[in-house]
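Heads up: the structure comes next, in structure tokens.
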Amino acid sequence: QMEFDLTERILLHLESCEEVDTLHLAQQFGIEHQKIVGAVKSIQAHGELLKAEALTHKSLQLTEEGQSVALRGSHEAIIYAAVPGEGGIAQADLLASGGCNAKLGFSKAMSQGWLWLDKSVQPPLIRRRVANIVDHVQEQLLQLQLQLAGGEAQLSVSDLTDYKKRKLLQELSIKSFRLSKGPKFATTLTKLETDLTMDMLATGQWQQLRFKAYNFDALGASPMRGQLHPLLKVRTEFRQIFLEMGFSEMATNNYVEASFWNFDALFQPQQHPARDAHDTFFIKQPAHCFELPEDYVRRVQTVHSVGGYGSLGYGYEWQLAEAQKNLLRTHTTAVSARTLFQLANQAGGFKPAKYFSIDKVFRNETLDATHLAEFHQVEGVIADVGLTLGDLIGTLHAFFCKLGITRLEFKPAYNPYTEPSMEIFCYHPGLAKWIEVGNSGVFRPELLLPMGLPRDVNVIAWGLSLERPTMIKYGINNIRDLVGPKVDLKMVEDGPICRLDHV
Ligand code: PHE
């Protein structure tokens with residue numbers, strides 16, 4: 001309503017005069033110029049009621065420094081005043097007395113001939129050359145200030161450029177509009193329709209109505225939309241890299257796994273501490289899994305208890321009941337075990353294969369800033385004839401290179417299922433240090449041969465967490481800020497898409 005009043009006020013004003021500047025209107029109405037311009041724009045939306053011609057006014061203004069000169073005197077006058085009338089002052093003391101513009105004031109005062117340097121004494125002294133001065137700069141700025149308040153100012157071009165250069169004056173340009181009546185001038189605005197309704201169409205009323213023009217420049221309201229969590233974005237990037245390298249994704253859709261696949265098939269002995277309830281979540285209901293491949297289970301039992309395939313085994317009494325215990329998988333290598341077993345037993349026999357998985361795993365951890373009881377693992381597995389540790393190292397370089405990581409170091413490690421095993425470290429240029437990023441190795445024959453894989457087939461594999469690189473990439477220091485009830489949804493909403501700088 002306010003806006004409407006203003007548009008009509010402007011039109012009424014225009015009725016009684018030939019033309020008017022919007023700046024003038026603002027002054028006369030006592031309303032902000034920007035509001036007048038807004039009202040003019042909305043009048044224009046109604047058609048050619050008025051003509052508006054853009055104008056630029058240049059106006060002068062004293063800068064803050066200019067105002068201070070007008071008030072306290074020019075820099076050179078201040079310096080002159082700081083020199084004692086009788087005697088003199090050392091240049092260093094003078095400059096120290098005069099604040100930040102002392103140097104400028106000093107050189108101006110010297111070139112004006114107000115001061116001189118007396119070298120006949122040691123140290124040389126600055127003395128007054130004249131008994132009094134007239135501060136033209138201050139006078140002129142004071143006068144200018146008065147003139148500007150009254151409207152127009154008189155100033156020579158050379159003074160103007162000089163003052164502008166000294167940053168005492170600045171020129172402002174103000175944009176306004178010169179308004180005059182348009183071909184369809186009227187003093188009232190008919191309300192413009194914004195919606196074409198079915199009624200208007202049915203009654204034919206639309207022919208009489210006037211419609212508001214579309215504003216194609218208006219910014220739309222941003223629609224409500226779902227957001228991907230940073231982990232999912234980084235997961236997408238990892239998946240893309242594996243797919244580019246020709247890996248296919250393993251089926252990871254079973255969080256509950258039999259101990260057999262999570263541990264036994266991986267040649268992890270039944271007394272291994274990781275198989276303790278302290279480290280692993282066991283399932284109460286159903287507590288056991290009875291669907292395990294019988295022949296294979298027997299071969300696993302044999303290799304654990306008495307060995308085979310050139311291995312001595314562990315020499316303990318392997319229990320089926322222990323292998324049947326259901327748990328929440330502690331690593332995605334359980335899925336790799338299932339998949340390799342399938343590969344060994346597929347119709348048509350073994351074919352070289354490259355697999356990956358990215359999914360959740362669960363561990364009975366003490367929770368802290370970097371550990372949660374559930375997290376994600378990224379895992380890659382390659383099965384082929386005659387693979388070596390060199391293939392593993394080369395593959396890791398190729399994989400991490402695609403993540404933008406070019407410097408890798410390896411440290412010997414131990415896993416029950418791989419020999420040799422290597423921890424993977426990478427140099428992080430942003431953090432300027434070496435950080436551990438994963439674990440890897442060559443799967444043991446005690447694991448591959450009972451599955452039924454050909455003797456000359458080797459399998460290399462590596463695993464890393466998804467959370468760690470995500471935290472580094474998104475600059476999150478506490479894992480609870482990334483996952484769990486304390487997550488700031490704003491972080492998810494505003495988080496940029498993830499770009500691992502592919503090479
Ligand atoms: N399963 C290992 C872990 O949980 C990672 C790994 C995968 C190690 C494959 C070697 C080979 O840390």
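The values are calculated or read from the model by the stated rules, or taken from the named source; none is laboratory data. The model shown is predicted, which means the values in this text are computed figures rather than measured ones. Note that we place each Cβ from the backbone using ideal geometry, even for glycine, and neighbour counts take in every protein chain shown.
Would you be able to say whether some residue in the range 481-503 is assigned to a strand (DSSP E or B) and more than 16 Å from the ligand (Cβ to nearest atom)?
no
Tell me which strands (runs of 3 or more DSSP E) are completely within the range 93-192 and hold 1 or more residues being without any contact (Cβ under 8 Å) to a residue 40 or more places away in the chain, or say none if there are none.
Ranges flagged: 115-118, 125-128.
Go through the range 162-191 residue by residue and tally those that are over 20 Å from Ile36 (Cα atoms) and surrounded by 12 or more Cβ atoms within 10 Å (Cβ to Cβ).
Matching residues across the range 162-191 total 7.
Please state which one of Leu431, Leu392 is within 14 Å of the ligand (Cβ to nearest atom), aliphatic (A, V, I, L, M) and not in a strand (DSSP E or B).
Leu392
In this structure, is Ile476 at pLDDT below 90 and of a type in the set (Val, Ile, Thr)?
Spelling it out, Ile476 is indeed at pLDDT below 90 and of a type in the set (Val, Ile, Thr).
Can you work out which of the residues in the range 310-362 that are of a type in the set (A, V, I, L, M, F, W, C) and within 12 Å of the ligand (Cβ to nearest atom) is nearest to Leu243 (Cα to Cα)?
The selected residue is Phe356.
Among (1) among the charged types (D, E, K, R); (2) within 24 Å of Gly441 (Cβ to Cβ); (3) out of contact with any strand residue (DSSP E or B) (no Cβ under 6 Å at 6 or more places or on another chain), which single condition is Arg298 missing?
Among (1) among the charged types (D, E, K, R); (2) within 24 Å of Gly441 (Cβ to Cβ); (3) out of contact with any strand residue (DSSP E or B) (no Cβ under 6 Å at 6 or more places or on another chain), Arg298 violates only (2).
Counting only residues that are in contact (Cβ under 8 Å) with a residue 40 or more places away in the chain, surrounded by fewer than 17 Cβ atoms within 10 Å (Cβ to Cβ) and at negative phi, which one in the range 397-416 is nearest to the ligand (Cβ to nearest atom)?
The qualifying residue nearest to the ligand (Cβ to nearest atom) is Ala398.
Name the one entry in Glu423, Glu419, Glu436, Glu446 that is among the acidic types (Asp, Glu), crowded, with 19+ Cβ neighbours inside 10 Å and within 15 Å of the ligand (Cβ to nearest atom).
So the residue among Glu423, Glu419, Glu436, Glu446 that is among the acidic types (Asp, Glu), crowded, with 19+ Cβ neighbours inside 10 Å and within 15 Å of the ligand (Cβ to nearest atom) is Glu446.
Could you look through the range 107-158, keep only residues that are charged (D, E, K, R) and in contact with a Leu (Cβ under 8 Å, 6 or more places away or on another chain), and pick out the one that is farthest from Glu86 (Cα to Cα)?
Only one residue fits best here, namely Asp118.
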